[in-house]
1. Among the numbered conditions (1) free of Cβ contacts under 8 Å to residues at least 40 places away in the same chain; (2) surrounded by fewer than 14 Cβ atoms within 10 Å (Cβ to Cβ); (3) under 19 Å from the mean Cα position of the chain (by Cα), tell me where P64 comes up short.
2. So, of the residues in segment 7-34 that are among the small types (G, A, S) and within 16 Å of the ligand (Cβ to nearest atom), which turns out to be farthest from the chain's Cα centre (by Cα)?
3. Restricting attention to segment 211-240, which residues are touching a Lys or Arg at 6+ places or on another chain (Cβ under 9 Å) and either under 25 Å from R278 (Cβ atoms) or polar (S, T, N, Q) (or both)?
4. Tell me the strands (runs of 3 or more DSSP E) entirely within segment 168-287 that contain at least 1 residues that are of a type in the set (D, E).
5. Among the residues that make up segment 92-113, is at least one of them touching a residue at least 60 places away in the same chain (Cβ under 8 Å) and touching a strand residue (DSSP E or B) at 6+ places or on another chain (Cβ under 6 Å)?
6. Please list, ordered by first then second residue, the pairs with beta carbon atoms under 6 Å, 6 or more apart or interchain, first in segment 161-189 and within 30 Å of D204 (Cα to Cα), second surrounded by fewer than 15 Cβ atoms within 10 Å (Cβ to Cβ).
7. Are any residues in segment 99-113 touching a Ser or Thr at 6+ places or on another chain (Cβ under 8 Å) and either within 13 Å of N58 (Cα to Cα) or at pLDDT 90 or above (or both), and if so, which ones?
Amino acid sequence: MIIIDTIQALQKTLAEKRQQGKSVGFVPTMGNLHQGHLSLVDTAKKQADLVVVSIFVNPTQFGPNEDFDSYPRTFEEDCEKLDQQEVDIVFAPSIEEVYPGFKTDKTKPSLTSVHVAELGKSHCGASRPGHFDGVTTIVSKLFNMVRPDIAVFGQKDYQQLAIIRRMVQDLNIPVDIIGAPILREDNGLAMSSRNGYLSQAEKDQAAGIHRVLQWAKEQLESHKLSFDDVEQSAVKQLTEQGFRVDYFNIANAETLQVAETSDTNLVILAAVFLGKVRLIDNITLTI
Ligand code: PAJ
């Protein structure tokens, strides 16, 4: 495994590999890797000859009051895990390498940004203004740096995946986007770098999110309650369990718009705070 920190060195290495006829799979991450990230690597390995994993905590997708500074940075451990997973290239650029303007003006590291309309308005987009523009801008930049044949993203960030698929389609970016299933702890809690902020007791408590999502799915599948009733009851259950609910929304799985009774493919998206920690999860269903 080689670790590369400049765009030039990355592109030189990848050009050589491509000349040998190798296809490139890409897994973008912000590091602090867990089994969920590593499962994306496995998926990429099955679909491409060599795998590039990027580790870059992207400042432009964090809001002013969010955890950019405290976001867990565990580079050494991450590299060990990726080496064991037989990743070919770790791309870990500095902020200045990615955003040359960052030093002079932190608020405007890039004058250009990629904005996907509509899909980014609701759910996480409503509570985290500018977040998805930060994500689509960095992912476009990374795609231009790596020029992968395929790229793997987790369904854990369901809205992010939908937005990236749409961006790639709208901008004719020549990459196949692959969605990978959510990896969970034994108690059902979706694996996340932010779980590291939780105590063991809070992790047990946080498993309640998945239980409520599953309860909601069962209600919808058995047509026992209306969408509104399910949403309201879920918010009540989560609040009683000690969460501050950011949103709990039943949506059309493709458009992410508020679900209509005629929709067949649905996704239930949830974001809650446990103390200061914001956790997201989702579940899909067909009715
Ligand atoms: P990060 O949160 O590090 O996640 C990297 C990738 O891992 C994303 O595609 C995410 O959906 C996936 N992932 C996280 N937890 C997962 C789980 N429990 N099961 C399966 N996949 C999981 O998402 C980002 O970074 C950033 O926004 C990024 C795309 C790298 C742009 O900065």
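The values are calculated or read from the model by the stated rules, or taken from the named source; none is laboratory data. These figures come from a predicted structure and were not determined experimentally. Neighbour counts run over all protein chains shown; Cβ positions are idealised from the backbone, glycine included.
1. Failing condition for P64: (3).
2. G25
3. V230, Q237, L238
4. Here the list reads 176-180, 244-252, 277-286.
5. yes
6. L183/Q35
7. Residues satisfying the conditions are Y99, P109, S110, T112, S113.
Table: residues versus (1) surrounded by fewer than 13 Cβ atoms within 10 Å (Cβ to Cβ); (2) more than 18 Å from the chain's Cα centre (by Cα).
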site	(1), (2)
G208	no, yes
E221	yes, yes
S233	no, yes
Q237	no, yes
N252	no, yes
A271	no, no
T286	yes, yes
